[in-house]
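The block underneath contains the structure these notes are about, expressed in C-alpha cells.
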Amino acid sequence: MKVGYRIKALRENRHLSQDVFAKMIGESQKNISLLESNKMEITFDILNRIYKELKLSDEEYFELVKPESIIQNFHEKVSNGFINIQNNYEDKTFQVKLIEILDNISNTLNNLHKKM
C-alpha cells in the first residue's frame, strides 16, 4: 500500500477530517488531500509530525515508512513524468534520489531508536 493511502487510513481510523488533521500537523487541507492521493511527495518532516500528533506506535510508524512504499511512490512519479528522468535504475538522478530517501529512513530510524 502506498504511503498516502496509509496516512488516509490512519486519519480515518482516528475519525479525523482532513481539515482537522491538517491543522494538527500544520499543513493545509489541500496538501493533505494531495498526500493521501499520492499526488504530493511526502517529506520526513511531515511524517515526523504525523508520528508525533497521532501518537503513532513505532510499529504503525514503521508500517507507514516501509521503504518499498516510499520507493514505489518515487518510481510512480518517475513513470508518470513528475520527475524528468528515464524509468531506469541506472540513471544517476534516480540513484541520488533513492540514496536520499534511504538516508532519510535511516536517520529517522536512528532518531526513534535514541528515543527508546
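Read-outs throughout are calculated quantities, based only on the coordinates presented, and are distinct from any laboratory measurement. Bear in mind the structure is a predicted one, so any value in this text is a computation, not a measurement. Note that each Cβ is placed from the backbone with ideal geometry, even for glycine, and that neighbours are counted across all protein chains shown.
Just a few scattered comments:
- Sorting V3, V20 by the number of Cβ atoms found within 10 Å of their own Cβ, with the fewest placed first, yields V20, V3.
- For the listed residue pairs K23/K52; K2/K39; K30/K52, the alpha carbons are over 19 angstrom apart in K30/K52.
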